[in-house]
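Heads up: the structure comes next, in structure tokens.
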Amino acid sequence: MLLGARPGHAGGAAAAPRGAGERRSRPRCCCAGAGVSGGNSGRTWEELRALLRTRPPAAHPALLSAAIGASGDWRQAGELFCEHSAAFNARHAAALLTALPRVLPRALPRAEAAPLSLLLGDACLLAEELLPGAGPRELVAIACGLAGLARRRAPAYPHARRLLQLLLARADLRSLAPGELAGLAWAVAALGHDVPEGWVDALLDASGRAMDGGGCGPRELALLSWALATLTRACLLAAAPPLRTRCTRVAPAWKAAWRRAAAGGLPRWGAADVAMGLWGLAVLGCGEAEAAWLEAALARGAGLAAAGAMQGRHVAMVLWATSQLARQRAAAAQAAQAAQLQRSHPQRVRALDAAVASWAADSAGVQALADAALPRLEGLAAREPRPLTLACVALLACARLGLRPQPGAVDALLAAAGAQLDAFAAAAAAEARGTEGGGEEQARGLGAPQRGGGDVALADVALLLHSLVRLGYRPRAAFMAAAARAAGAACWLQGVAAARGAARGQPVAARALRGQELAALLWSMARLRYAPSARLLRLARGAAVAQRARLSAGDVGLLLRALGALRHAPHYGWVSGMVAHFLARADDSLAPGADVAAVVHSLPRLAPANLRRPLAAALGPLLPRLAEASAAALPACGPAELVQLAQGFARLGYRPGGGWLAAHGRACEALGAGAFREREPAALAAAHAALEALPEAPAAWPAAPQCEQRRPAPAAPLLLAAAV
């Protein structure tokens, strides 16, 4: 019989009586699955299945629950479903959905995907029919089972979304026990479900009552913090800026109640509780957190790390959350200082980083955590399922906190991350060759935003290289080569997705990378003195064109700055397109002075000295617009940005008109001579002299040479041709 078929099911099992062995009690947290009667716990699945043939499940429901819980693989659970689904009640459906994630293999054979999908779809249909007879415990167990299936990468199956919607409509959050409430919140957040409007508000109200009543233990508090942070973050990322007001913001009063509830039970917190709780609090934003409370939480984490109870992911989450909370506290303290309003954006960022590092150096909890956890990263890296994410998060947090991990630990993290990057690049190469062995599915999945055991996100690579820059650590050539290969594979996958979407007349639904990640990656490579190959730079240019609509002004500035630092000379048409896009997005810039200075200073570095005049001619009417944008941004410029503007125009051989030089001089005088570094006044004077010696900009720009006016090819064909 094909698994997934339900012979004789009439849909009337919802009213099946609950046996005496099915004692209903509310567990501390329902994510462990539906309970099983203890009388049959010592019997094997074969013994329980044989008993079911002589004892009808309708009269012995606890026996069926025990058999489902004893299943050793998904086929055994499926056989029970096929044979006895007509006798299922809501508790059996919950037991089945919570048992399946536990027995699913990590790598499911392709031949088993279709029958498993049929089984899961029929199980969801049966659970939907049985919802009217489900109590709070069964509702939460079903939701946790669906979340477990999603985390185990079960094959796609129908009816799950509708089942969860009906389940949330039936679940009364105010009647749930604290453990059930936390379990349901975790399941919804883990599934990434788009909850109905007002559901998060109801969750906040119910969880606030539970915390005030003292019913939340460490696990419940950790799950609630993680779930609310995940739901809030997903809403803010998915919603367009005008619609973000609909996203529920967690009030400071709720976070204060959470900290009060957590403070009383900190000695009982486990490693996962500390990691999830602090991570959620950091994502929600808690700049008002008391220093004493944060020190106590860090001391608990340090004690767990010293005892060897923390895994690598726990260490990384705690370090990142600590750096984020410290940054939020420093930002809240500096916001009240009027002097901060007079600084440019880069100056404020540098002051914030200095404040975080100073606090971490004086914090006993941070230093104790670093002493206990950082030496263990070397041994934990090889056992982590996602070493790239571990290395990215841990080293970024260390860079923010001013910590210096041991070189051996950094080498171990980079070696494990490099192996994951090589696997990603090999999967993409297998798809490029058209070979079998899962190359196509694996490579396409690895480039997607979802994170899994083998997944790679280019943002992690970019942040990891950025962390190494901040730590002042130069990695080995083997790791940098692996990072470059993975970046090229991600760019190539972007081109493949764009080509397939164009062939089908459909837009690309999922992205392989973003322009911001690409710009940060190339800039970090330049800072680490690594010269990427011409093929990678060609792929990066094509990927930037494909993602140009999503590039902000800051992304364009950083991308041009990175290419200039790498001494890469793109063709003039590509440069003109990027500058035109920057000017179109300049009004939305968060740091207008720094962004326009980066563009102007980078332009002459994108061409050899003897070809800068043709580059200026190719830019043509974009240069007056760039000068106008820089003039408008002069009040937001710091000393370094003012020097970069003057040097960029001078080296490009373009003298802005309209009193630009006079306005630039007044901006320099307003800052005062003491604001500039030692060599900056001389460089500024030389740039001003060079600009004054240049003639006025011509009214009509000469045409650029034909060979340099070719338009960039469409992104996808360019990437495919480069891959071949």
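The values are calculated or read from the model by the stated rules, or taken from the named source; none is laboratory data. Here the structure is a predicted model, which is why all the values come from computation and not from measurement. For neighbour counting, all protein chains shown are included, and Cβ atoms are generated from backbone atoms with ideal geometry for every residue, glycine included. All accessible areas refer to the heavy atoms of the entire protein, side chains included, with ligands and DNA or RNA removed. Shrake-Rupley method; radii C 1.70, N 1.55, O 1.52, S 1.80 Å.
Quick notes on this structure:
- Helices (runs of 4 or more DSSP H) contained in the range 506-595 and holding at least 2 residues open to solvent by 60 Å² or more (accessible area, probe 1.4 Å) and basic (Lys, Arg): 534-546
- Taken over the range 603-638, the residue count meeting the criterion of being more than 23 Å from Arg348 (Cα to Cα) and in a helix (DSSP H, G or I) is 22.
- Applying the condition of being open to solvent by less than 20 Å² (accessible area, probe 1.4 Å) and part of a helix (DSSP H, G or I) to the range 649-664 and asking which residue is nearest to Ala618 (Cα to Cα) yields Leu652.
- In the range 277-284 there is no residue that is farther than 21 Å from Ala251 by Cα and modelled with pLDDT of 90 or more.
- For the range 49-70, filtering for residues that are closer than 14 Å to Glu83 by Cα and open to solvent by 30 Å² or more (accessible area, probe 1.4 Å) leaves 8.
- Residues considered: Arg433, Arg476, Arg500, Arg444. Of these, the only one that is at pLDDT 85 or above, open to solvent by 20 Å² or more (accessible area, probe 1.4 Å) and out of contact with any Lys or Arg (no Cβ under 7 Å at 6 or more places or on another chain) is Arg476.
- Some residue of the range 103-121 being of a type in the set (D, E, K, R), open to solvent by less than 40 Å² (accessible area, probe 1.4 Å), on the phi < 0 side of the Ramachandran plot and in a helix (DSSP H, G or I): no
- Residue within the range 275-290 that is more than 17 Å from the chain's Cα centre (by Cα), of a type outside the set (Asp, Glu), under 26 Å from Leu352 (Cα atoms) and surrounded by fewer than 23 Cβ atoms within 10 Å (Cβ to Cβ) present: yes
- Taking first residues from the range 570-597 that are on the phi < 0 side of the Ramachandran plot and without any contact (Cβ under 8 Å) to a residue 60 or more places away in the chain and partners that are among the hydroxyl-bearing types (Ser, Thr, Tyr) and open to solvent by 10 Å² or more (accessible area, probe 1.4 Å), the Cβ contacts under 8 Å between residues at least 6 apart in sequence or on separate chains come to Arg585/Ser552; Asp588/Ser552; Ser589/Ser552; Asp595/Ser589; Val596/Ser589.
- Any chance Leu369 is open to solvent by less than 10 Å² (accessible area, probe 1.4 Å) and not polar (S, T, N, Q): yes
- Condition met for Ala415 (within 25 Å of the chain's Cα centre (by Cα), of a type outside the set (Ser, Thr, Tyr), surrounded by 21 or more Cβ atoms within 10 Å (Cβ to Cβ) and part of a helix (DSSP H, G or I)): no
- The set of residues in the range 62-81 that are among the charged types (D, E, K, R) and in a helix (DSSP H, G or I) comprises Arg75, Glu79.
- Of all residues in the range 172-192, those satisfying the criterion of being at negative phi, surrounded by fewer than 22 Cβ atoms within 10 Å (Cβ to Cβ) and in a loop (DSSP other than H, G, I, E, B) are Asp172, Ala177.
- Residues that are touching a Lys or Arg at 6+ places or on another chain (Cβ under 7 Å) and either of a type outside the set (A, V, I, L, M) or over 23 Å from Val283 (Cβ atoms) (or both) within the range 165-196 comprise Ala177, Gly179, Glu180, listed in sequence order.
- Residue check for Trp293: part of a helix (DSSP H, G or I), closer than 20 Å to Ala190 by Cα and open to solvent by 20 Å² or more (accessible area, probe 1.4 Å): no
- Taken together, the criteria exclude Ala667 from residues that are at pLDDT 90 or above, more than 40 Å from the chain's Cα centre (by Cα) and surrounded by fewer than 23 Cβ atoms within 10 Å (Cβ to Cβ).
- When the residues of the range 138-171 are filtered to those that are in a helix (DSSP H, G or I) and of a type in the set (Lys, Arg), the one that is least open to solvent (accessible area, probe 1.4 Å) is Arg162.
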